[in-house]
Amino acid sequence: MKTFKLISLDVLEKRGDELTNKPIDLKDGLIINREDEQNHWLVEAYMNDSYKPFFQQMMDEKREYVLQVKISKESNEPATIMVKMVGINKIGESMNVLFKGTLLNRKQEKVEEMLQGLIQEGFQGAELLEKFKERSKQF
């Protein structure tokens, strides 16, 4: 297992047709790569207990959620993780929330977007492959 510092946590929520971003003001946190066969990660977010109603509702709904997290440094790109809540624990005037989930492959998403863009630009066959290789060097 590898443990990293959780720098930021945002909960992505769908409201109607819009995807909203709810930033959580963290006091501290960890994210742990369990390095198991299912590629599971554990997220522990430590925060003010004023978030309890929000997270209690998430816990009661027992469904998957999408989080965006920054790991180790503020300057890092956010990682997207699909999670289920594991628990909520009150700690004095604070609380921690535990999630278990799987990181989504953002690089794969970007590659697919780039390929879709090339196709929309009209590239095909060998020309598509050549342009794809050329632009892939940016990754």
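Here, each number is a calculation from the coordinates, and none is a lab measurement. Please read these numbers as outputs of a predicted model, since none were measured by experiment. Reconstructed Cβ throughout: ideal geometry from the backbone, glycine too, with neighbour counts over all protein chains shown.
Tabulated data for the structure shown
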{"item": "Packing-based exposure ordering (other Cβ within 10 Å, fewest first) of 123, 99", "result": "123, 99"}
{"item": "Nearest 10 degrees, 0 to 90: helix 125-136 Cα axis against the chain principal axis", "result": "50"}
{"item": "Dipole moment magnitude, nearest 20 debye, the chain about Cα centre, only Lys, Arg, Asp, Glu C-beta charged", "result": "300"}
{"item": "Mean separation of Cα contacts under 8 Å, 6 or more apart, over the residue count of the stretch 2-104: relative contact order %", "result": "29"}
{"item": "Cα shape, the stretch 1-46, gyration tensor, a/c 1.5 rule", "result": "oblate"}
{"item": "Listed residues 62, 52, 27, most fluctuating in the chain (Gaussian network, C-alpha, under 10 Å)", "result": "62"}
{"item": "With Cα atoms, 0 to 90° folded angle of helix 106-120 axis to the chain main axis", "result": "30"}
{"item": "Between 0 and 90°, nearest 10: helix 52-61 axis offset from the chain longest Cα axis", "result": "60"}
{"item": "Positive dipole terminus of the chain, leading residue within 29, 126, 55 (C-beta point charges)", "result": "29"}
